[in-house]
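Asker: Please see the structure below; I have some questions.
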Amino acid sequence: MKLARVHTETHSGPVTVIARGNEWVEAIPAKTGGWQAGDTVVTPSQWLPPVVPSAIYAIGLNYRAHALEMNQPFPSHPVVTMKNPAAINAHRCPVELPRYLASDQVDYEVELAVVIGKPCKNIRPEQALEYVAGYTVANDISARDWQKIYSGGQWVKGKSFDSFCPLGPALVSPEEIPDAGNLDMGMDLNGERMQASNTADMIFSVPELIAFLAGSSTLLPGTVILTGTPPGVGTARKPPVYLKPGDQLRTWIDGLGVLENSVIEEPLT
């Protein structure tokens, strides 16, 4: 077991996440002077997101095989939408199916999330990685009916319901991820593999996306960029597969760990 250079927050304060192989398995409270393998491990009672986002950008149709499964041409420029920062969610916290503006077409999307660490504007792709604070696993939960029918074809509302942006389990420093363009990734639903791919299938790379988004627009620290999803989404399946209460989501990216979320109905208030 090794100590990884990654950090997150729980309600009890900062923790350092411990890695075993490619999975982050436990967490320990921050300790002056550092921790050593063999120290007592304490599992947090509740996880918090690894970042409080200033903005959340989401890139559509950025995997070749996903564009093909959706019968869409490869885009010539990044397809950009956004998510409400209040949609942020955390590892081991539930995804809530909306009731007040109900949807019966809520879908999953494993995505590599990039977090910007300092103000970024008008930079070249070869400069872009200098602005990355870290990477984490994302599940870009999306209500397809609110994307296609109820919002006039605009995607923002269907991606912005509360809890629709799980991130975690931790923010991994760029030094731990030498090549974000070659990471295995996948999503399991109730133990069944639904998505399995590699970030090498991206149409636009992480540096290209950062430079595109930063063109004449300042990316503030804490900006989260969801870089697109690979094939296997529920809406493309025959018949479609949509989330329901009781489902268990396991979203993973090599080197970044495993993000786990259950699915419940939105509590009535």
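Asker: Among the listed residues THR218, THR229, identify the single one that is in contact with a helix residue (DSSP H, G or I) (Cβ under 9 Å, 6 or more places away or on another chain), touching a residue at least 24 places away in the same chain (Cβ under 8 Å) and polar (S, T, N, Q).
Answerer: THR229
Asker: Has region 100-114 got at least one residue that is aromatic (Phe, Trp, Tyr) and closer than 20 Å to GLN248 by Cβ?
Answerer: Yes, region 100-114 contains a residue that is aromatic (Phe, Trp, Tyr) and closer than 20 Å to GLN248 by Cβ.
Asker: Has region 70-81 got at least one residue that is modelled with pLDDT under 95, surrounded by 14 or more Cβ atoms within 10 Å (Cβ to Cβ) and part of a strand (DSSP E or B)?
Answerer: Within region 70-81 (the criterion being modelled with pLDDT under 95, surrounded by 14 or more Cβ atoms within 10 Å (Cβ to Cβ) and part of a strand (DSSP E or B)), the answer is no, since none of the residues qualifies.
Asker: Filter the strands (runs of 3 or more DSSP E) completely within region 184-269 down to those with at least 1 residues that are in the same structural domain as PHE74 (by TED's automatic domain parsing) and out of contact with any strand residue (DSSP E or B) (no Cβ under 7 Å at 6 or more places or on another chain).
Answerer: 192-198
Asker: Consider GLY152 against the criteria (1) small (Gly, Ala, Ser); (2) at positive phi; (3) in contact with a helix residue (DSSP H, G or I) (Cβ under 8 Å, 6 or more places away or on another chain): it satisfies all of them except one. Which criterion is unmet?
Answerer: (3)
Asker: Oh, and also: For PHE161, work out the one condition from (1) touching a Pro at 6+ places or on another chain (Cβ under 6 Å); (2) more than 19 Å from ASN261 (Cα to Cα); (3) part of a loop (DSSP other than H, G, I, E, B) it doesn't fulfil.
Answerer: (2)
Asker: For residues that are of a type outside the set (Ser, Thr, Tyr) and in a strand (DSSP E or B), scanning just region 122-143, find the one that is surrounded by the fewest Cβ atoms within 10 Å (Cβ to Cβ).
Answerer: ALA133
Asker: I'd like the residue in region 31-54 that is among the hydrophobic types (A, V, I, L, M, F, W, C) and farther than 17 Å from VAL206 by Cβ and, out of all such residues, is modelled with the highest pLDDT.
Answerer: VAL52
The values are calculated or read from the model by the stated rules, or taken from the named source; none is laboratory data. Since the model is a prediction, treat every value here as computed from it, not as a measurement. Positions of Cβ are generated from backbone atoms using ideal geometry, with glycine treated the same way; all protein chains shown enter the neighbour counts.
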